[in-house]
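Encoded as structure tokens, the structure appears first; notes follow it.
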Amino acid sequence: MKIAFLTDPLSQFKIYKDSTYAMMLESVKRGHQIYAFEPQDMALDQGAVWAKVSEIMLTGDTHAWYQMGAVQNLRLQEFDAVLQRKDPPFDMEYIYATYLLDLAEQQGARVFNKPSAIRDHNEKLSIAQFPQFTTPTLVTRDEARIRAFFQIHRDIILKPLDGMGGAGIFRIREDGMNLGAVIEGLTLNGQHTIMVQKYIPEIVHGDKRILLIGGKVVPFALARIPQNGEVRGNLAAGGVGVAQRLSARDLEIAETLAPIVAQRGLLLVGLDVIGNCLTEVNVTSPTCFQEIFQQTGFDVAACFVDALEAAI
Ligand SMILES: Nc1ncnc2c1ncn2[C@@H]1O[C@H](COP(=O)(O)OP(=O)(O)O)[C@@H](O)[C@H]1O
Ligand SMILES: [Mg+2]
């Protein structure tokens, strides 16, 4: 197969922990040809969706880990699969890229995750489709509503709807100190909609990343445990990842969502579960493949490429 990866710049990859790298390595092992391009390499031109792609050769070296072939301008439909692995920010440029990928799909390209499904699934807001699994949650830009929510719960998390890696996450406790400034800052004085949640105390045991691949549940989660008094478990915010078997509740949540998201064209989904609550449904470019493999021997990348091969 010819597989094209839409990614951030390869030069920024940390290959010892990057899930896209693990996918590339597994694909090459199976004899597939891999290519890479970035959003700015795409164009709609004379009705077709093109990308300036380069074939990627993996060297096995940990530093100079890839070699790039010559740039070729190809129609995305010429690939057997296009993998969307670009990280957020989920801004208008990201959305434009999903529109181009939609068009490419209509022209015969196979794109994973399905671009329209990525667009429809805000990673934070889509938990609202599964209210049986969520902690009390408010989405608004109205200060009065946020203050009323705080009066009820007295220990809350405030977060932007378009963040990742723990960026812009605040906890406000009983004394309410800084609530006004955090509301102003995150809502940009009422112009920006945010999410406010009841604080889930089980975060001290980790924010569990549960992967759903091709409608199946990966049996190990990566609990990302906040360090040094941090509230954020994200690895990007210094959290430590500990792989563990799914709990009964984790399984209940994962098995409920798995067939639903798969049916929507989401081949790879990363749920975030804190304690008994679903807090995020990550669809843009879920990670944690390597940490789970290293600690449990469960080969997530192989599982993913199996699902990809079955899907096309
Ligand atoms: N309701 C909550 N209760 C406790 N901690 C939370 C809550 N929501 C988020 N957090 C903390 O913030 C981190 C990031 O939150 P998340 O909603 O997953 O956003 P991001 O997109 O930045 O990963 C989590 O790993 C967790 O440590
Ligand atoms: Mg998260």
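The values are calculated or read from the model by the stated rules, or taken from the named source; none is laboratory data. Note that the structure is a prediction, hence the values are computed from the model and not measured. As a convention, Cβ positions derive from the backbone with ideal geometry for all residues, glycine included, and neighbour counts pool all protein chains shown.
When the stretch 41-96 is examined, which residues are found to be within 22 Å of the chain's Cα centre (by Cα) and not charged (D, E, K, R)?
MET42, ALA81, VAL82, LEU83, GLN84, PRO88, PRO89, PHE90, MET92, TYR94, ILE95, TYR96
Search the stretch 185-215 for residues being over 17 Å from the mean Cα position of the chain (by Cα) and among the charged types (D, E, K, R), and hand back the single one that is nearest to ligand 1 (Cβ to nearest atom). Before you say what the answer is, go through the steps one by one.
The first filter runs over the stretch 185-215 and keeps only residues over 17 Å from the mean Cα position of the chain (by Cα), leaving 185-206.
Retained after the next criterion (residues that are among the charged types (D, E, K, R)): 198, 202.
Working: LYS198: 6, GLU202: 8 Å.
Among those residues, the one meeting the criterion is LYS198.
Check the stretch 25-34 and report whether any residue there is closer than 16 Å to LEU308 by Cβ, among the small types (Gly, Ala, Ser) and not assigned by TED's automatic domain parsing to the domain that holds GLY297.
From the stretch 25-34, those closer than 16 Å to LEU308 by Cβ are 25-34; that's our starting set.
With the extra rule that they be among the small types (Gly, Ala, Ser), the set shrinks to 27, 31.
Checking which are not assigned by TED's automatic domain parsing to the domain that holds GLY297 leaves us with 27, 31.
Yes; the residues of the stretch 25-34 include at least one that is closer than 16 Å to LEU308 by Cβ, among the small types (Gly, Ala, Ser) and not assigned by TED's automatic domain parsing to the domain that holds GLY297.
How many residues does the stretch 91-148 contain that are within 16 Å of ligand 1 (Cβ to nearest atom) and more than 30 Å from ARG249 (Cβ to Cβ)?
2
Is there any pair with a first residue in the stretch 179-197 that is in contact (Cβ under 8 Å) with a residue 60 or more places away in the chain and at negative phi and a second that is within 16 Å of ligand 2 (Cβ to nearest atom) and of a type in the set (Ser, Thr, Tyr) whose Cβ atoms are under 7 Å apart and which are 6 or more apart or on different chains, and what are they?
As it stands, the answer is MET195/THR137; GLN197/THR135; GLN197/THR137, since those pairs meet every condition given.
Looking at the stretch 225-242, which of its residues are farther than 13 Å from ALA167 by Cα, within 13 Å of ligand 2 (Cβ to nearest atom) and not small (Gly, Ala, Ser)?
Passing the criteria: only PRO226.
Please go through (1) crowded, with 16+ Cβ neighbours inside 10 Å; (2) more than 16 Å from ligand 1 (Cβ to nearest atom); (3) in contact (Cβ under 8 Å) with a residue 40 or more places away in the chain; (4) over 24 Å from ASN122 (Cβ atoms) for GLN295 and return the number of the only condition it doesn't satisfy.
All conditions pass for GLN295, except number (1).
Could you figure out which of (1) surrounded by fewer than 16 Cβ atoms within 10 Å (Cβ to Cβ); (2) within 15 Å of ligand 2 (Cβ to nearest atom) isn't true of GLN263?
Going through (1) surrounded by fewer than 16 Cβ atoms within 10 Å (Cβ to Cβ); (2) within 15 Å of ligand 2 (Cβ to nearest atom) one by one, GLN263 breaks only (2).
Step by step: first the residues of the stretch 152-163, then only those that are within 17 Å of ILE203 (Cα to Cα) and part of a loop (DSSP other than H, G, I, E, B), then the one that is farthest from ligand 1 (Cβ to nearest atom). Which residue is that?
At the first step, the residues of the stretch 152-163 found to be within 17 Å of ILE203 (Cα to Cα) are 153-159.
Add one more test, that the residue is part of a loop (DSSP other than H, G, I, E, B), and what stays is 154-155.
On the way: ARG154: 13, ASP155: 9 Å.
Step by step, filter the stretch 152-163, then rank; the result is ARG154.
Evaluate the following for ARG224: is it in contact with a Ser or Thr (Cβ under 9 Å, 6 or more places away or on another chain) and surrounded by 23 or more Cβ atoms within 10 Å (Cβ to Cβ)? So that I can check it myself, show each step before the final result.
On the way: in contact with a Ser or Thr (Cβ under 9 Å, 6 or more places away or on another chain): no; surrounded by 23 or more Cβ atoms within 10 Å (Cβ to Cβ): yes.
Against the criterion (in contact with a Ser or Thr (Cβ under 9 Å, 6 or more places away or on another chain) and surrounded by 23 or more Cβ atoms within 10 Å (Cβ to Cβ)), ARG224 does not qualify.
List every residue pair whose Cβ atoms lie under 7 Å apart, where the two residues are 6 or more positions apart in sequence or sit on different chains, the first residue falls within the stretch 256-271 and is β-branched (Val, Ile, Thr), and the second residue, located anywhere, is part of a helix (DSSP H, G or I).
From the stretch 256-271, the pairs are VAL269/VAL261.
Given the stretch 1-95, what strands (runs of 3 or more DSSP E) lie entirely inside it while holding 1 or more residues that are surrounded by fewer than 17 Cβ atoms within 10 Å (Cβ to Cβ)? Steps first, please.
Details: elements: 2-6, 33-37, 42-45, 48-58, 66-75, 81-84.
Fully inside the stretch 1-95 and qualifying: 2-6, 33-37, 42-45, 48-58, 66-75.
So which residues in the stretch 106-151 are free of Cβ contacts under 8 Å to residues at least 40 places away in the same chain, over 19 Å from GLU93 (Cα atoms) and either among the β-branched types (Val, Ile, Thr) or not in a helix (DSSP H, G or I) (or both), if there are any at all?
Scanning the stretch 106-151 gives a single hit, GLY108.
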